[in-house]
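Enquirer: Below you'll find the structure I mean.
The values are calculated or read from the model by the stated rules, or taken from the named source; none is laboratory data. Predicted, not measured: the structure shown is a model, and the values here were computed from it. Cβ sites come from the backbone with ideal geometry, for glycine too, and all protein chains shown count toward neighbours. All accessible areas refer to the heavy atoms of the entire protein, side chains included, with ligands and DNA or RNA removed. Shrake-Rupley method; radii C 1.70, N 1.55, O 1.52, S 1.80 Å.
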Amino acid sequence: MASGVKPRVKVPKKATPGEAITIKTLISHQMESGQRKDKEGNIIPRSIINRFTCEFNGQLVTDITIEPAVSTNPYFQFEAIVPEAGDFKFTWYDDDGSVYDATKSIAMA
Amino acid sequence: MEFSRRETLGLALGAAVMTVLPLRVSASIVDDRIAEFTGGADMADTGIELTAPEIAENGNTVPISVDAPGATAIMVLATGNPTPGVATFNFGPLAGSQSASTRIRLAGTQDVVAIAKLADGSFAKASAAVKVTIGGCGG
């Protein structure tokens, strides 16, 4: 699974120093749980995103371990403190070894 | 065809075992996962909040959110799923609050459990019962 994976991230453009902002992330991914069967009754092998991390200027905001019970197109919403202007780096790790990332800059108001 | 008293009792016992067995299996996985996360420590009932809908029409996407002020990690388990693990949230130094929302799959009506590891090393647990109309594990 590496086709049609598209990360989408929503971060405010500006913040005041020390402000806690809300970040919303979504990545399009089928998240095959390994429980479903195809028409012939064979189990469709598991293929999910197993880890998601968010960093700001190299410092960790959140690190989420994902298991098959997370829905298709995994969505996460969380809060981050912005001490200064900089870049948020979002990384998703696929079962097949692929790594998807996205970066968003934020400026000081 | 008539059943003797003995046969009737035997059938009833068999049926009871059949219904209890699958639950027991998944319950032990849940207990194992909790023990692995907490190291067998006691869990308080306060300090963590788990928000989940009472009734979910579609088990494929059930919105949940967890909030545990001062937590370093939160583990979410769906006790009635074939694989109970849902996700583990670890919070870094720049986390604005120890809360997160996501969408999960639930195989059927069940309890969702969230356990927070607090900064002082103690643990807190919350659970929510969710009624699921259509299960979300295919099959």
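Enquirer: Counting other Cβ atoms within 10 Å of each Cβ, which GluC sites (Glu not before Pro) in the range A:1-53 have at most 15 and sit in a DSSP loop?
Expert: Within the range A:1-53, the qualifying GluC sites (Glu not before Pro) (loop, at most 15 other Cβ atoms within 10 Å) are A:GLU40.
Enquirer: May I pose another question? Ignore the peptide's own chain and count Cβ atoms of other chains within 10 Å of each Cβ in B:101-111; give me the average, rounded.
Expert: 4
Enquirer: On a 29 Å Cα-Cα criterion, which of the cross-link pairs A:LYS24/B:LYS131; A:LYS13/B:LYS131; A:LYS24/B:LYS117; A:LYS10/A:LYS39 come out too long?
Expert: A:LYS13/B:LYS131; A:LYS10/A:LYS39
Enquirer: Chains B and A: buried accessible surface, both sides, probe 1.4 Å, rounded to 100 Å²?
Expert: Answer for the B-A pair: about 2400 Å² buried.
Enquirer: Okay, moving on. With a 1.4 Å probe and all protein chains left in place, how much accessible area per residue does chain A have, in Å²?
Expert: 49
Enquirer: Cross-link partners among aspartates and glutamates for A:LYS89, C-alpha distance below 19 Å, same-chain residues fewer than 8 apart left out?
Expert: Candidates past the 8-residue exclusion: A:GLU19, A:GLU55, A:ASP63, A:GLU79, A:ASP101.
Enquirer: From a point 7 Å beyond the Cα of B:THR133 in the direction of its Cβ, which residues of the range B:35-66 have a backbone N at a distance under 20 Å?
Expert: Inside the label zone: B:52-64.
Enquirer: Trypsin sites (Lys or Arg not before Pro) within the range A:1-79: which are DSSP loop residues with at most 10 other Cβ atoms inside 10 Å?
Expert: A:LYS13, A:LYS39
Enquirer: How much of the accessible area of the range B:5-132, in percent, comes from carbon and sulfur atoms when a 1.4 Å probe is used?
Expert: So the carbon and sulfur contribution to the accessible surface is 57 percent.
Enquirer: Next question. How much accessible surface area, in Å² rounded to 10, belongs to the heavy atoms of B:GLU49 with a 1.4 Å probe?
Expert: 120
Enquirer: Once the other residues with Cβ under 14 Å from the Cβ of A:ILE81 are scored (Lys, Arg +1; Asp, Glu -1), what is the net sum?
Expert: Combined, the nearby Lys, Arg, Asp and Glu give -4.
Enquirer: Any chance you could check the Cα centroid distance between the range B:35-81 and the range A:3-37 for me, in angstrom?
Expert: Using only Cα atoms to place each centre, the spacing works out to 20 Å.
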